[in-house]
Amino acid sequence: MDVSSFNPPRRTLMGPGPSDISPQVLQAQSRPIIGHLDPLFVNMMDEIKALLQYAFQTTNQHTFAVSAPGSAGMETCFVNLLEPGDKVIVCINGVFGQRMLENAERCGAVPIVVEDNWGEPVSLTKVAKAFEQHPDTKVLAFVHAETSTGVASDAQALCALAKKNDSLTIVDAVTSLGGIPLKVDEWGIDAIYSGSQKCLSCVPGLSPVSFSQVAVDKLKQRKTKVQSWFLDQTLVMGYWSGEQKRSYHHTAPVTALYALHESLLMLYKEGLEASWQRHAQQHAVLAEGLAKLGLDLMVDESCRLPQLNLVAIPEGVDEQAIRSRLLNDYNLEIGAGLGKFAGKAWRIGLMGYAARQENVSLCLAALSEVMAKD
């Protein structure tokens, strides 16, 4: 077997994730490794917790990073808060709402599905009706920023509906954290998860999560064991808690957490509002440039994500050939359509470190050239 060291080219990542990573974050990951129970590492964990509380805009004590990607963050929320027989309203307006449904079913819960068209936000009217028909619902689950469509749903209003009906909330913020306004405490979110590789511009493989005190109380009062040992928060709490001696649960991904610490520190120094504004500004430049190329955004401006842009593919254009040319000739990655938008759209990401003028200019210039040759 003739194998040598793997040396990837330097790509510009403007797809649905992972996103571009700043040199500072990459350098942080190369620092000397220390033990995951080393007092210095434990102190860094406390700083990660505080920085995540800032990013989520929460004082939740149970805020930390799951040692696995965003999908594990999703499962963490579902397996801890749902027991067999619990009713859960699951909102589906894209791929990741469907994954929420899968999680609910595997927990033995009773899902009440609220469906909306792909490319549209979750309907408040439909959710309100579902609560009327199922007043014993325990949890409302929805995606704040649907990565498959580029749509933002009204998380604040949905959480208010849940509170009105004495229901907890599980919120997917994988693509929203750091990119658009997200206020866990102000909006009354009970369980939320995200991913390190999107607007945080960190290495893939970590999932920031946060549980409200109400959610923590519920999981402590479970009548059945959490179906996942690794994700059982009654066990993980002892590792991330700052109020007691750290108990060993698993070997933490030390260097990945170095990178997360650095990326969160960069977000803190920039400021959340400044980060939200930067994403919005670069989106506006991209949208204007796409329009000049005759390319349309498929999501209505009122619910459009600035960090994930769904672009309609013109009739007669070989979408895969365009993406291949961008990748091979310009080292530029954009994403294909997913699910119902497969073959009908491109997904252009402006997430975190990728939301910069030079990236937008490169993307527009490269698209113009390759489409002229198509």
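Structure notes:
- Residue match in the stretch 280-298 (condition: among the β-branched types (V, I, T), more than 20 Å from C199 (Cβ to Cβ) and touching a helix residue (DSSP H, G or I) at 6+ places or on another chain (Cβ under 6 Å)): no
- Residue check for L26: farther than 29 Å from T251 by Cβ, assigned to a helix (DSSP H, G or I) and not charged (D, E, K, R): no
- Matching residues in the stretch 127-161 - criterion: being more than 21 Å from the chain's Cα centre (by Cα) and without any contact (Cβ under 8 Å) to a residue 40 or more places away in the chain: V127, A128, K129, E132, Q133, P135, A160, L161
- The residues of the stretch 303-333 that are hydrophobic (A, V, I, L, M, F, W, C) and in contact with a Leu (Cβ under 6 Å, 6 or more places away or on another chain), listed by number, are V311, L326, L332.
- Among (1) more than 28 Å from A274 (Cβ to Cβ); (2) open to solvent by 10 Å² or more (accessible area, probe 1.4 Å); (3) of a type outside the set (S, T, N, Q); (4) not in a loop (DSSP other than H, G, I, E, B) - the single one V236 does not satisfy: (2)
- On the stretch given as the stretch 23-38, residues that are in contact with a Phe, Trp or Tyr (Cβ under 7 Å, 6 or more places away or on another chain) and surrounded by fewer than 16 Cβ atoms within 10 Å (Cβ to Cβ) total 4.
- If you go through the stretch 159-168 and pick out every residue that is within 15 Å of F211 (Cα to Cα) and either part of a loop (DSSP other than H, G, I, E, B) or open to solvent by less than 10 Å² (accessible area, probe 1.4 Å) (or both), you end up with 2.
- When the stretch 29-56 is filtered for residues that are part of a loop (DSSP other than H, G, I, E, B) and touching a Pro at 6+ places or on another chain (Cβ under 9 Å), only H36 remains.
- Among the residues of the stretch 76-107, those identified as in a helix (DSSP H, G or I) and closer than 25 Å to L310 by Cβ are V95, F96, G97, Q98, R99, M100, L101, E102, N103.
- F41, sole failed condition from (1) surrounded by 20 or more Cβ atoms within 10 Å (Cβ to Cβ); (2) at pLDDT below 95; (3) not small (G, A, S): (1)
- Among the residues making up the stretch 149-200, a single one is in contact with a strand residue (DSSP E or B) (Cβ under 9 Å, 6 or more places away or on another chain), of a type in the set (K, R) and more than 20 Å from S275 (Cβ to Cβ): K163.
- The listed residue being open to solvent by 10 Å² or more (accessible area, probe 1.4 Å) and either β-branched (V, I, T) or not in a helix (DSSP H, G or I) (or both), out of P208, P204: P204
- Of all the residues in the stretch 304-332, those that are of a type outside the set (S, T, N, Q), touching a Ser or Thr at 6+ places or on another chain (Cβ under 9 Å) and surrounded by 18 or more Cβ atoms within 10 Å (Cβ to Cβ) number 4.
- Filtered by the rule that a residue be crowded, with 24+ Cβ neighbours inside 10 Å and either farther than 20 Å from L308 by Cβ or at pLDDT below 95 (or both), the stretch 169-201 gives T169, I170, V184, I189, D190, A191.
The values are calculated or read from the model by the stated rules, or taken from the named source; none is laboratory data. Predicted, not measured: the structure shown is a model, and the values here were computed from it. Here Cβ is always computed from backbone atoms with ideal geometry, including for glycine, and neighbour counts include all displayed protein chains. Ligands, DNA and RNA are excluded from the accessible area calculation, which covers all protein heavy atoms including side chains. Shrake-Rupley method; radii C 1.70, N 1.55, O 1.52, S 1.80 Å.
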